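A.B. asks: For reference, the structure I am asking about is given below.
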Amino acid sequence: MSQEVLFERQHDAFLPTPLAGSPWHPDLLHGGAPAGLLAHCLEQRVADAQLLPGRFTLELMRPVPSAPLQVTFQTLRSGKRIRLECATLMAGGKPVAMATALFVAPAPVPVPAYAPQAASPLPAVDSVREINFRDVLSMGGGEVPPGLHTTVRLRAVTPLREQGQGAAWMQLPVDIVAGADTTPFMRAALMSDFCNGVGQLALDRSTGMINADITLQLFRLPQSEWIGIEARTLVQPTGVGMVQAALYDTGGMIGQVMQTAMPTGGLAQS
């Protein structure tokens, strides 16, 4: 099995490679891996329709295992200007994740000078020192197994100290699906899962916040392989939280991400 992709194809199944792994357990996938995979499947579903992705939503229904995965589809709406597709990721006959994508027909318009402009981009990628997510995760102590978190390239714009906010540039140096080019939509979907990591909030030494879902909104596709993330995590004493993030390419803002966050670790298990 190739180690230069996150998923290999075998008949109607997608086989994860170790590069898709999670830091939490050797038999589970990082959330970014199924996000990128389902973005690929949904994009292929509408490949001939000349539509642009406007929204991608991922529900992480169960931990996604490092096992053969199948995808089923359902068209929820098909119109002249809007198409809404759903893809469900199956493992062992059970649904483990479900994604919906809203695709819209492009309609060029003049943008008036008084229209609000997107935020300025982050500092240039080349001006930021590269580090490794392994180093960030290992600050809590213990060994960090390899996976997607150690595969991606990371350039931290701000120190990632798990204090609830951060900014970083990230790039995936391998393909997501064997035999398929990694498209800008796939890249944005995969990186959207890392917003929780960039804006991670540690509640105490053994308790952090984990995202249960992803809602990615794009008003344009990224034009660079490097994706910038500026994220913050908000939480209430009830344990219900949210991650808010802006996404960038090297030319400026491309969209935003919202995640539902919940505690994981000592407090979650007590």
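The values are calculated or read from the model by the stated rules, or taken from the named source; none is laboratory data. All values reported here derive from a predicted model rather than from experimental measurement. Every residue, glycine among them, receives a Cβ derived from its backbone with ideal geometry; neighbour counts consider all protein chains shown. Note: areas computed on protein heavy atoms with side chains; ligands, DNA, RNA excluded. Shrake-Rupley method; radii C 1.70, N 1.55, O 1.52, S 1.80 Å.
A.B. asks: So is I210 in a strand (DSSP E or B), open to solvent by less than 20 Å² (accessible area, probe 1.4 Å), in contact with a helix residue (DSSP H, G or I) (Cβ under 8 Å, 6 or more places away or on another chain) and among the β-branched types (V, I, T) or not?
C.D. replies: On the way: in a strand (DSSP E or B): yes; open to solvent by less than 20 Å² (accessible area, probe 1.4 Å): no; in contact with a helix residue (DSSP H, G or I) (Cβ under 8 Å, 6 or more places away or on another chain): yes; among the β-branched types (V, I, T): yes.
So I210 fails the test.
A.B. asks: State whether the residues of segment 20-37 include one that is hydrophobic (A, V, I, L, M, F, W, C), open to solvent by less than 70 Å² (accessible area, probe 1.4 Å) and in a strand (DSSP E or B). Give the derivation first.
C.D. replies: Start the filter on segment 20-37 by keeping residues that are hydrophobic (A, V, I, L, M, F, W, C), which leaves 20, 24, 28-29, 33, 35, 37.
Keeping just the survivors that are open to solvent by less than 70 Å² (accessible area, probe 1.4 Å) gives 20, 28-29, 33, 35, 37.
Keeping just the survivors that are in a strand (DSSP E or B) gives 28-29.
Within segment 20-37, one or more residues are hydrophobic (A, V, I, L, M, F, W, C), open to solvent by less than 70 Å² (accessible area, probe 1.4 Å) and in a strand (DSSP E or B).
A.B. asks: If you don't mind, another one. Among V96, V136, V144, V109, which is under 24 Å from G32 (Cα atoms) and in a loop (DSSP other than H, G, I, E, B)? Break it down into steps so the answer makes sense when it comes.
C.D. replies: Numbers: V96 fails: in a loop (DSSP other than H, G, I, E, B); V136 fails: in a loop (DSSP other than H, G, I, E, B); V109 fails: under 24 Å from G32 (Cα atoms).
So the residue among V96, V136, V144, V109 that is under 24 Å from G32 (Cα atoms) and in a loop (DSSP other than H, G, I, E, B) is V144.
A.B. asks: Which one is least open to solvent (accessible area, probe 1.4 Å) among residues in segment 161-191 that are outside any strand (DSSP E or B) and more than 29 Å from Q10 (Cα to Cα)?
C.D. replies: Only one residue tops the list, namely G164.
A.B. asks: May I ask you to list the residues in segment 225-248 that are closer than 26 Å to D175 by Cβ and without any contact (Cβ under 8 Å) to a residue 60 or more places away in the chain?
C.D. replies: E225, I227, A245, L247
A.B. asks: May I pose another question? Taking only segment 192-207 into account, find how many residues are part of a helix (DSSP H, G or I) and either among the aromatic types (F, W, Y) or in contact with a Cys (Cβ under 9 Å, 6 or more places away or on another chain) (or both).
C.D. replies: At the first step, the residues of segment 192-207 found to be part of a helix (DSSP H, G or I) are 192, 195-198.
Remaining after also requiring either among the aromatic types (F, W, Y) or in contact with a Cys (Cβ under 9 Å, 6 or more places away or on another chain) (or both): none.
Looking only at that region, the number is 0.
A.B. asks: Now for a different question. Quick check on my filter: what residues within segment 225-244 are open to solvent by 10 Å² or more (accessible area, probe 1.4 Å), out of contact with any Phe, Trp or Tyr (no Cβ under 9 Å at 6 or more places or on another chain) and of a type in the set (A, V, I, L, M, F, W, C)?
C.D. replies: L234, V235, V240, M242
A.B. asks: Among the residues that make up segment 131-146, is at least one of them surrounded by 13 or more Cβ atoms within 10 Å (Cβ to Cβ), under 17 Å from the mean Cα position of the chain (by Cα) and touching a residue at least 12 places away in the same chain (Cβ under 8 Å)?
C.D. replies: We begin by selecting, within segment 131-146, every residue surrounded by 13 or more Cβ atoms within 10 Å (Cβ to Cβ); these are 131-138, 140, 144-146.
Within this subset, residues satisfying the condition of being under 17 Å from the mean Cα position of the chain (by Cα) are 133.
Okay, now just the ones that are also touching a residue at least 12 places away in the same chain (Cβ under 8 Å), so 133.
Yes, the conditions are met somewhere in segment 131-146.
A.B. asks: Can you pull out the residues in segment 67-82 that are open to solvent by less than 60 Å² (accessible area, probe 1.4 Å), in a loop (DSSP other than H, G, I, E, B) and either modelled with pLDDT of 95 or more or within 12 Å of P34 (Cα to Cα) (or both)?
C.D. replies: Selection gives A67 alone.
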